[in-house]
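Student: To start, I am sharing the structure in question, which I have written as C-alpha cells.
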There are 2 protein chains.
Amino acid sequence: MSSNVTMEKIVSLCKRRGFIFPSSEIYGGLSSCWDYGPMGVELKRNVRHAWWKAIVQDRDDVVGVDTSIMMHPNVWKASGHVDSFTDPLVECKSCHLRWRAEEIENQAMKQPQKEEAHPTTPPIWRGTCPKCGGDLTEPRLFNLMFKSFMGPVEEEASTVYLRPETAQGIFVNFENVVNTSRKKLPLGIAQIGKSFRNEITPGNFIFRTREFEHMELEYFVKPGTDGQWLDYWVKERFDWYVKLGIRKENLRLRQHGKGELAHYAKDCYDVEYLFPMGWSELEGIANRSDYDLTQHAKYSGRDLSYYDGQSRERYIPYVIEPSAGVDRSVLAFLIDAYREEMVEEEKRVVLQLQPALAPMKVAVLPLSRNEKLTPLAKKVYQQLCPSFMADYDDSQGIGRRYRRQDEIGTPFCVTVDFQSLEDHQATIRERDSLAQIRVPIETLEETLRAKLGGEPFDVSPLWATRQK
Amino acid sequence: MSSNVTMEKIVSLCKRRGFIFPSSEIYGGLSSCWDYGPMGVELKRNVRHAWWKAIVQDRDDVVGVDTSIMMHPNVWKASGHVDSFTDPLVECKSCHLRWRAEEIENQAMKQPQKEEAHPTTPPIWRGTCPKCGGDLTEPRLFNLMFKSFMGPVEEEASTVYLRPETAQGIFVNFENVVNTSRKKLPLGIAQIGKSFRNEITPGNFIFRTREFEHMELEYFVKPGTDGQWLDYWVKERFDWYVKLGIRKENLRLRQHGKGELAHYAKDCYDVEYLFPMGWSELEGIANRSDYDLTQHAKYSGRDLSYYDGQSRERYIPYVIEPSAGVDRSVLAFLIDAYREEMVEEEKRVVLQLQPALAPMKVAVLPLSRNEKLTPLAKKVYQQLCPSFMADYDDSQGIGRRYRRQDEIGTPFCVTVDFQSLEDHQATIRERDSLAQIRVPIETLEETLRAKLGGEPFDVSPLWATRQK
C-alpha cells in the first residue's frame, strides 16, 4: 500500500468516478450494502473473468458450476452451518443494542484493570455497552445465515436459508459432476456467485458486507496427497494476485493456529493484504479434509465415495478450498493501484490497474467538441468498441478528460485532433508513462491489441514489467 | 421448434451432459431450483456476455451497474411492490393447499356448466381444489417478494426483501450514474443479476423458477420520444435472438392488452418463443413512463428530474425497459438448437448452437489413449485453451466422444492420430456439416479463430448463413 492511501480516498474516488455507490443512497442507504456503478461493474467483471480464466479455462482439471442460492435446508444441517455458523452476542440491558462478544472482550482486555490485582473475572464480564455504558447480558449464540420462507406459508417446513458460502452447492453436485464430466481426480469444481452472511459488524467499505460475491474452488484429491495440494494452491493463489499487479510487499501468508481453524478444516492459510486498516484476509485456502462429503453422505444416505481407477481404491476425496471474495479483491486491486503523482507541478491521481482489470481499455477523445472532429472521433470509437471496452468523452477540456481517464485507470487514450483530419493519424497517450505516439487510424486496433497483451487481454508479464 | 423436441428430451440432455441438475438433488431436490453444471455454466456465461456486449460494450449510450439484491425497504414501497406485487390465492378448506385464483378460474371456465343456464356466479366460486376436490376459500392477496431479516433481531424494522427485479437498483442510482458518467439522454443503464419471486406455481423446467437471473436495461428518454424508442427496442431485442441463432418462425411479438398491463406500464410488448408447452414470454419490452422516477422522487424527497442542455428543459425522463431472463433465454437457445439427425444410419443428437453460445469452442481428442498420442494431444490442448474454452477427452472410443461433443454443441473437434506424429497435422471436424479437414498443428489456432468469427467470438452472420 502506498503510504498515502486511505480508505477515505478510495471511497471518495469510487463515488466520484462511478465505481461504487452506497446502496439505496437516496433513501439514506442500507447498512453495509453497496452498488457497483458503470466503472465498478466493469472492474468486477474483469476480476471474475481473470479468476475464471486462471481457474477454469486455462486448466483441464477444473470445471465450473453455477448453483442456486436457495438450497434444501438439510444441506445446512449436514454442513454444520445450522449448529455452528454462529457468533456469540451480548445485549445491552439498557439500550438493547447487540454486540459481538469477541469485540467487547477485546475492548475489555485493553482497559486498565483497576479493581482486580489478579483478574479472575473473564474480560467479557468487565465489558460494558460501547454505546451507552450499560450492563451486558451473557453471550448468546446467534446464527449468521439469512432466513426466508419459500412458498405461500410462513412456517417451519418452508424455511430456506440464503447460502453463506457457494461451496455447499459444489459438494452436493460432486456426484453429478463426476458422472457427467468424464474427469478423474484430482478434479476441481469452481463457482462464482453471491453469498449472504448476517454479520453483526460489517464495515470497512466493501471489505465485510452482508451480501457479497464468492469465488470458490473445491479441489478434490486423493487422501494423503492433500498436504501437497494445499501447498500448491497456496502458491497458485498468492501468485494470482501478484500477476494481476498487486505488489508483493503488500501480500503475506498466514497459517491458522489450531484454535482458529473452522470446524471443517484440517489446515488453513490466509493470503493477507495490507489494507489501510491493517493486514486483513484477502483469501483463505483451507484443507477441508473429507468433512463435507462425509457429512452429506451421512445426511442424504447417498454413497459419495469415488472409485479411483488407477489405484483401484474407493475413498471419500479430500478437498482443498481456495475461497476468495470478488468485492474484497476489487478493493485490494483499487487500493494497490492508487497513486498520487506530481506531473508538471500538478497533482494527478492515477489507478495503475493492469489492463486486464481496467474498466475501459481505451478512451476516444476528440480534442474539442467540433462538427468536423466529432464524426471522425465517433468513427474511431465505433471501430474500437467491438474489440475493447471503450469510452467516448467529448465534454469539457482535454486536460480534465485525461484526468478522469487516469482516475478510472484507462491504460490508453486515443486523441483525435485537427491534424487527424489531414493525415488520418491519431495520438495514443499511455496512462503510466504519459508517452504519446502518433499512429495511423486504421492501425489503431492492432497497435492497441499488441500493447494490451494477449487475447482476451491476458495478464501480461510484459505489462507488469513496464508498469514499474 | 423442431417438431420432435419435447421438454423431457431437453431435461434429459441437460442432466446427462452436465448442463442443468435439480438443485440439492441428493436431498430429493428443492422445488423449482436448478443448478447449472459444467456445460450449463459456460452456456449461461455466454448468454450473459452476448447480452452485455450488444447492450453495453457495443454502444456509447448505455452503461452497466451491479446493484445489491437487498435494498432499503422503502424502495419497494415506492415502486409499488409492497402493495401491488401480489397474486390472489385461494386455499382448500379440506387439504389446505393454496392455488392461484387465476388458475382455478381458468379451470372453472373450461368446465361444462350444468346447473346454471345463465351463469351469474363468477367462475372462481364454481372451482374446487384440483388436488382433493374440496371447497375453496375466498381469494386473498399474497405478496410474491421473499422476505428476510437483516441484523440480529427479527422484527418489523429489520425486514428486507430479496429484489423481485433488478430494475429498481437502476432507478435509485439514476442520479449517481448521470452525475458520474458524463452521458446525456437518451441514456441506458443495464444490469444482470439474480431476482427472486415467491411464485405459487413455478414450473416448466427453468422457464419459471423462484430464483432466476434477470438481464434488464432501463433506457431513459425524453418524454414524447418514448413511443419511437419503444419501437426501436422491440426490434433490437427481437433481432438479438435471431442473430444468436433462434429461428424466426419460432419467435413472435405480442402487444399487451390494456387490462394486462402492469401498474407501471403505458405499453408493453412480449417477445414470445414457441416453447414445447406453447407460445410463452421470452422477454418483455415495456414503456414504464416516468412512473418509477416519479415515485422514488416522492418517497425519497429527492429531485430526480433531468436537465436537458439541448432543449433547455427540466423533466422526469420516460423509461423503456427490455427485461429478459438469462435462464429463460438459455432454455430457448437449447430447445431451438436441438436436432435429431440420421447419420450413416445412426441417430445423432446435436445442439446446433452458435459458436458464440457453445460451452466449448473446440474439443481436443486423441484418437486413442496412447503413450505417444497423449503428450501431443495435451500439447495441442495447452496451445488452444488460453484462446478458446476447450475440452480435452481421451476416454472411450472416438465415436462416443464425437457424440458427446455433438450433444454439448461443440462446433469443432480436433483429432490427433498416429499420422499426426509424422506430419504434425491434425483433423478438424465440423459439428454441423461433419466435414473434416486436415491442417498443420501450428496453424490450428488461427484456422479456428477464422472459422469462429470475430473477437471474442462475436455473433457471426457468416456462421448463421453456413448453419442452415
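Student: Can you name every one of the strands (runs of 3 or more DSSP E) wholly within the range B:126-168 that holds 2 or more residues which are at pLDDT 90 or above and within 14 Å of chain A (Cβ to nearest Cβ)? If you could, list the steps in order and put the result at the bottom.
Tutor: Numbers: elements: B:140-143, B:147-149, B:159-161.
Correct list: B:147-149, B:159-161.
Student: If you don't mind, another one. Determine, yes or no, whether B:Ser23 is at the interface with chain A (Cβ under 7 Å from one of its Cβ atoms), of a type in the set (S, T, N, Q) and over 30 Å from B:Tyr232 (Cβ atoms).
Tutor: yes
Student: Out of all the residues in the range A:255-263, is one or more part of a helix (DSSP H, G or I), of a type in the set (D, E, K, R) and either touching a residue at least 12 places away in the same chain (Cβ under 8 Å) or farther than 19 Å from A:Val177 by Cα (or both)?
Tutor: Yes, the conditions are met somewhere in the range A:255-263.
For (1) aliphatic (A, V, I, L, M); (2) touching a Leu at 6+ places or on another chain (Cβ under 7 Å); (3) modelled with pLDDT of 95 or more; (4) crowded, with 16+ Cβ neighbours inside 10 Å, each residue gets a yes or a no:
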{"position": "B:Leu251", "(1), (2), (3), (4)": "yes, no, yes, yes"}
{"position": "B:Arg254", "(1), (2), (3), (4)": "no, no, yes, no"}
{"position": "B:Gly259", "(1), (2), (3), (4)": "no, no, no, no"}
{"position": "B:Tyr264", "(1), (2), (3), (4)": "no, no, no, yes"}
{"position": "B:Gly284", "(1), (2), (3), (4)": "no, no, yes, yes"}
{"position": "B:Leu293", "(1), (2), (3), (4)": "yes, yes, yes, yes"}
{"position": "B:Ala297", "(1), (2), (3), (4)": "yes, yes, yes, yes"}
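Student: Would you mention how many residues in the range B:47-90 are surrounded by 20 or more Cβ atoms within 10 Å (Cβ to Cβ) and of a type in the set (Lys, Arg)?
Tutor: 0
Student: Exactly one of these conditions fails for B:Arg182: (1) more than 30 Å from B:Glu103 (Cα to Cα); (2) surrounded by 17 or more Cβ atoms within 10 Å (Cβ to Cβ); (3) within 7 Å of chain A (Cβ to nearest Cβ); (4) not hydroxyl-bearing (Ser, Thr, Tyr). Give me its number.
Tutor: (2)
Student: If you take the residues in the range A:259-308 that are touching a helix residue (DSSP H, G or I) at 6+ places or on another chain (Cβ under 7 Å) and β-branched (Val, Ile, Thr), which one is farthest from the other protein chains (Cβ to nearest Cβ)?
Tutor: A:Val271
Student: Would you point out the residue of the range B:410-465, among those that are closer than 22 Å to B:Val47 by Cα and of a type in the set (Lys, Arg), that is modelled with the highest pLDDT?
Tutor: Per the criteria, the residue is B:Arg431.
Student: Filter the range A:169-179 down to residues that are under 29 Å from A:Lys44 (Cα atoms) and aliphatic (A, V, I, L, M) and give me whichever is farthest from the other protein chains (Cβ to nearest Cβ).
Tutor: Among them, the one singled out is A:Ile170.
Student: Would you point out which residue out of B:Asp336, B:Asp327 is away from chain A (no Cβ under 14 Å), within 24 Å of B:Asp270 (Cα to Cα) and either surrounded by fewer than 20 Cβ atoms within 10 Å (Cβ to Cβ) or touching a residue at least 40 places away in the same chain (Cβ under 8 Å) (or both)?
Tutor: B:Asp336
Student: Now, a different point. Select from the range A:210-228 the residues that are assigned to a helix (DSSP H, G or I) and either surrounded by 20 or more Cβ atoms within 10 Å (Cβ to Cβ) or under 14 Å from the mean Cα position of the chain (by Cα) (or both) and list them in ascending order.
Tutor: Answer for the range A:210-228, where residues must be assigned to a helix (DSSP H, G or I) and either surrounded by 20 or more Cβ atoms within 10 Å (Cβ to Cβ) or under 14 Å from the mean Cα position of the chain (by Cα) (or both): just A:Asp226.
Student: Could you please let me know if B:Ser280 is under 30 Å from B:Leu187 (Cα atoms) and either among the basic types (Lys, Arg) or surrounded by fewer than 23 Cβ atoms within 10 Å (Cβ to Cβ) (or both)?
Tutor: Taking the combined requirement at face value, the residue satisfies it.
Student: Pull up the range A:188-203, narrow it to residues that are over 20 Å from B:Gly193 (Cβ atoms) and at pLDDT 95 or above, then point me to the one that is farthest from the other protein chains (Cβ to nearest Cβ).
Tutor: A:Gly188
Student: Moving on. Every residue in the range B:51-102 that is facing chain A (nearest Cβ under 9 Å), touching a strand residue (DSSP E or B) at 6+ places or on another chain (Cβ under 9 Å), assigned to a helix (DSSP H, G or I) and in contact (Cβ under 8 Å) with a residue 24 or more places away in the chain, please. Walk me through how you get there before you give the answer.
Tutor: The first filter runs over the range B:51-102 and keeps only residues facing chain A (nearest Cβ under 9 Å), leaving B:52-53, B:56-60, B:63-75, B:78, B:87, B:89, B:91, B:96, B:98.
Narrowing further to those that are touching a strand residue (DSSP E or B) at 6+ places or on another chain (Cβ under 9 Å): B:52, B:56-57, B:59-60, B:63-73, B:75, B:87, B:89, B:91, B:98.
Narrowing further to those that are assigned to a helix (DSSP H, G or I): B:52, B:56-57, B:73, B:75.
The answer is B:Trp52, B:Val56, B:Pro73, B:Val75.
Student: Going through the range B:422-438 one residue at a time, which ones are surrounded by 11 or more Cβ atoms within 10 Å (Cβ to Cβ) and closer than 17 Å to B:Lys361 by Cα?
Tutor: B:Ala426, B:Thr427, B:Ile428, B:Arg429, B:Glu430, B:Arg431, B:Asp432, B:Leu434, B:Gln436, B:Ile437
Student: Does A:Gly29 qualify as being farther than 13 Å from B:Met71 by Cα and either at the interface with chain B (Cβ under 8 Å from one of its Cβ atoms) or part of a loop (DSSP other than H, G, I, E, B) (or both)?
Tutor: Criteria not met by A:Gly29.
Student: Okay, next question. Among residues belonging to the range A:350-387 that are over 30 Å from A:Val5 (Cα atoms) and among the hydrophobic types (A, V, I, L, M, F, W, C), point out the one that is nearest to the other protein chains (Cβ to nearest Cβ). Quick ask: steps written out before the conclusion?
Tutor: Within the range A:350-387, the subset over 30 Å from A:Val5 (Cα atoms) is A:366-387.
Cutting the leftovers down to among the hydrophobic types (A, V, I, L, M, F, W, C) gives us A:367, A:373, A:376-377, A:380, A:384-385.
On the way: A:Leu367: 17, A:Leu373: 16, A:Leu376: 15, A:Ala377: 11, A:Val380: 12, A:Leu384: 11, A:Cys385: 6 Å.
Among those that are over 30 Å from A:Val5 (Cα atoms) and among the hydrophobic types (A, V, I, L, M, F, W, C), it is A:Cys385.
Student: Quick one: in the range B:394-418, of everything that is within 12 Å of chain A (Cβ to nearest Cβ) and touching a strand residue (DSSP E or B) at 6+ places or on another chain (Cβ under 6 Å), which residue is farthest from B:Cys14 (Cα to Cα)?
Tutor: Once the filter is applied, the top-ranked residue is B:Asp394.
Student: If we keep just the residues of the range A:32-49 that are in a loop (DSSP other than H, G, I, E, B) and out of contact with any helix residue (DSSP H, G or I) (no Cβ under 7 Å at 6 or more places or on another chain), which is farthest from the other protein chains (Cβ to nearest Cβ)?
Tutor: Taking the candidates together, the pick is A:Ser32.
Student: Then there's this: So, in the range A:6-17, how many residues would count as being within 7 Å of chain B (Cβ to nearest Cβ) and free of Cβ contacts under 8 Å to residues at least 60 places away in the same chain?
Tutor: 0
Student: Pairs needed: first member in the range B:303-314, free of Cβ contacts under 8 Å to residues at least 40 places away in the same chain; second member anywhere, surrounded by 10 or more Cβ atoms within 10 Å (Cβ to Cβ) and among the hydrophobic types (A, V, I, L, M, F, W, C); C-beta distance under 9 Å; at least 6 residues apart or different chains.
Tutor: Taking only residues 6 or more apart or on different chains, the pairs are B:Asp303/B:Ala297; B:Ser305/B:Leu293; B:Ser305/B:Ala297; B:Ser305/B:Ile316.
Student: Just wondering, is there one or more residues in the range A:194-209 that are part of a strand (DSSP E or B), within 17 Å of the chain's Cα centre (by Cα), on the phi > 0 side of the Ramachandran plot and surrounded by fewer than 19 Cβ atoms within 10 Å (Cβ to Cβ)?
Tutor: Taking the range A:194-209 and keeping what is part of a strand (DSSP E or B), we get A:194-196, A:203, A:208.
Narrowing further to those that are within 17 Å of the chain's Cα centre (by Cα): A:194-196, A:203, A:208.
Filter once more, so that each one left must be on the phi > 0 side of the Ramachandran plot: A:203.
Checking the rest, the ones that are also surrounded by fewer than 19 Cβ atoms within 10 Å (Cβ to Cβ) come to A:203.
Checking the range A:194-209: at least one residue is part of a strand (DSSP E or B), within 17 Å of the chain's Cα centre (by Cα), on the phi > 0 side of the Ramachandran plot and surrounded by fewer than 19 Cβ atoms within 10 Å (Cβ to Cβ).
Student: Tell me, yes or no, whether the range B:362-383 has at least one residue that is touching a residue at least 12 places away in the same chain (Cβ under 8 Å) and under 28 Å from the mean Cα position of the chain (by Cα).
Tutor: Checking the range B:362-383: at least one residue is touching a residue at least 12 places away in the same chain (Cβ under 8 Å) and under 28 Å from the mean Cα position of the chain (by Cα).
Student: Looking at the structure I just gave you, is B:Leu251 free of Cβ contacts under 8 Å to residues at least 60 places away in the same chain and over 14 Å from the mean Cα position of the chain (by Cα)?
Tutor: Values: free of Cβ contacts under 8 Å to residues at least 60 places away in the same chain: yes; over 14 Å from the mean Cα position of the chain (by Cα): yes.
In short, yes.
Student: Still on this model: Return the residue satisfying two criteria in turn: it lies in the range A:391-407 and is of a type outside the set (D, E, K, R) and out of contact with any Asp or Glu (no Cβ under 8 Å at 6 or more places or on another chain), and of such residues it is nearest to A:Gly40 (Cα to Cα).
Tutor: By that ranking, first place goes to A:Tyr402.
The values are calculated or read from the model by the stated rules, or taken from the named source; none is laboratory data. The structure presented is a predicted model; accordingly, all values stated were derived computationally and were not measured. Virtual Cβ from ideal backbone geometry, glycine too; neighbours counted across all protein chains shown.
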